[in-house]
Amino acid sequence: MNYDEDKIDEYTLALLYLVVHARHEGMGASAWKSFDWDTLNRLHAKGYISNPISKTKSVGMTEEGYLKAKELFERHFTTETKKAIKPVPFPKMTAAAKKRWDEISRDSKKAIINSTYCTRCKDMTTIQIREGRMTHDLLVLRGTCKKCGGEVARTIEPQE
Ligand SMILES: [Zn+2]
């Protein structure tokens, strides 16, 4: 994929203005090499990133945050004329399904997502989750196979 680097440079330069902490009149300025804290806090409040106030140098992006970031990046900076990239819809989960899904550890979620059987590929595949709902005590995830795009589903037992 091709990105418009000049546009990225222009936006990054504009954002540097936001984090200028000292203006040296007639001799430039000093800026932080990081994002603006208020902005990061707002993104955290919106559920896109983990709490930015932590000692680690990286910030966690939620699934919603990552997908939104990808969509925005492609919308603003992709130079390809086709711009065929469809935004990946955020999985629609019922409140009960979301609650159950959030109880599952990060590692288990990863294992579940990467061990869904695709009947078309006749193999284990990665599910791109589209929706989730509870059927009795089972969480049923439905989506598409990352390899072939076919319909796949994954059922999660209560003990999983
Ligand atoms: Zn498949």
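None of the figures in this text is laboratory data; all of them are computed from the coordinates on show. Being a predicted model, the structure only gives us computed values, none of them experimental.
If you wrap the range 5-77's Cα atoms in a convex hull and average its projection over all directions, what's the area in nm²? All intermediate terms of the calculation are to be shown ahead of the outcome.
Working: hull surface 23.8 nm².
The number I arrive at for the range 5-77 is 5.9 nm².
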*So who's got an amide H within less than 5 Å of the one on Thr116, skipping anything under 5 residues away but keeping other chains? H placed 1.01 Å off N, in plane.*
Thr125, Ile127
_Under 20 Å from Lys33, Cα to Cα: lysines that are on another chain or at least 8 residues apart_ = Lys7, Lys55, Lys57
*To the nearest 500 deg cm²/dmol, what mean residue ellipticity at 222 nm is calculated for the chain from DSSP H runs of n ≥ 4 alone, each contributing -39,500 (n - 2.57), summed and divided by the residues?*
-10500 deg cm²/dmol
_On Cα atoms only, tilt of 5-18 relative to the major axis of the chain in degrees_ = 70 degrees
*Dmax and Rg, reported as Rg then Dmax, of the chain (C-alpha, Å)*: 20.5, 69
_Note, ³J(HN,Hα) from phi for the range 113-121, Karplus 6.51, -1.76, 1.60, rounded to Hz, x at Gly and Pro_ = 4, 8, 10, 10, 7, 9, 6, 6, 7
